[in-house]
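What follows is calculated from the coordinates using simple rules that are stated; it is not laboratory data. A quick note: this is a predicted structure, and the numbers were derived from the prediction, not measured. In this analysis, Cβ positions are derived from the backbone assuming ideal geometry, glycine residues included, and neighbour counts consider all displayed protein chains.
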Amino acid sequence: MLNLVLFGPPGAGKGTQATYLAKAYQLIHLSTGEILREQIAAGTEIGLLVKDTIQRGELVPDATVIDLIQDKLDKNPEAKGFLFDGFPRTVPQAEALDVLLVHYGRSVSAMLSLEVEKKELMARLMSRGTTSGRIDDADLAVIENRIQVYNDKTAPLIQYYSKAGKYEAINGVGTVQEITDRLRFYIDKLPLNKKSR
Ligand code: AMP
């Protein structure tokens, strides 16, 4: 079973790479950002609760995203594996994911961290903002805030997964294909035969 965390700051290319990797390894792609945007678009209670937070570039409460992930794990008991994209984003989320996965006889195989410098991230997000239609891609101050929130609350996960021996840094600059190849190089080296890795 392969359960991957695709990690990196906003604009690192997680979504793009996740689409390729999920297909290549037959994993269920779980993007909390996508799930939350679907909730907003559908006008659900959760969507209404999180819209302002997302618009400001802040993180929605841990309990909200953990519940959403639990629901997806519950609904996919036969999955070959999962590709977590944009989750976990805080240490409590990572701890909750570990507990949840144990419940399903799984564990995180690796955390693959796409490394991209701030200047490049800003350029990518500004450019994406012209086409994505995302409420949090449109404003320079919000983009700056998302990167700040990443540095303050999400980057500590590097240490969390390093301690567990699961952190792999991957250069996130290059063509989409080059970056996919780098990711696949690491994934293909993971020992998959054991139940939990
Ligand atoms: P993303 O599509 O991953 O860039 O996420 C867009 C926005 O959704 C983030 O800026 C947060 O406001 C919210 N979000 C997505 N995933 C999480 C998460 N794991 N924890 C808290 N907030 C999240």
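Select from Gly57, Gly174, Gly11 the residue whose mean-square fluctuation is largest in a Gaussian network model of the chain (Cα-Cα springs shorter than 10 Å).
Gly174
When the dipole is taken about the Cα centre of the range 1-119, and only Lys, Arg (+1) and Asp, Glu (-1) are charged at their Cβ, what size is it in debye, to the nearest 20?
Numbers: 12 positive and 15 negative charges, 81 e Å.
It comes to approximately 380 debye.
Quote to one decimal, in nm, the extra length available between Thr16 and Ala164 on full extension: 0.36 nm per residue of separation minus the C-alpha distance between them.
Separation in residues times 0.36 nm, less the Cα-Cα distance, equals 50.6 nm.
Can you show me the helix-derived [θ] at 222 nm for the chain, built from DSSP H runs with n ≥ 4 at -39,500 (n - 2.57) apiece and divided by the number of residues, rounded to the nearest 500.
On the way: 9 runs with 105 residues, N = 197.
Computed ellipticity for the chain at 222 nm equals -16500 deg cm²/dmol.
First measure r as the distance between the Cβ atoms of Leu48 and Thr131, then evaluate 1/(1 + (r/R0)^6) with R0 = 22 Å and state the FRET efficiency to the nearest 0.05.
0.30
Suppose R0 equals 30 Å. What FRET efficiency, 1/(1 + (r/R0)^6) with r the Cβ-Cβ distance, do Asn145 and Lys23 give to the nearest 0.05?
0.40
Excluding the sites themselves, what is the longest stretch of the chain that contains no GluC sites (Glu not before Pro) in a DSSP loop with at most 11 other C-beta atoms within 10 Å?
118-197
Normalised by the number of residues in the chain, what is the relative contact order in percent for Cα pairs under 8 Å and 6+ residues apart?
The normalised contact order for the chain reaches 34 percent.
Can you give the net charge of the other residues whose Cβ lies under 12 Å from the Cβ of Ala96, counting K and R as +1 and D and E as -1?
-3
Where the centre of each part is set by its Cα atoms, how far does the range 115-148 sit from the range 21-57, in angstrom?
What the calculation gives is 17 Å, centre to centre.
Of all the C-alpha pairs in the range 1-144, what % are more than 24 Å from each other?
32 percent
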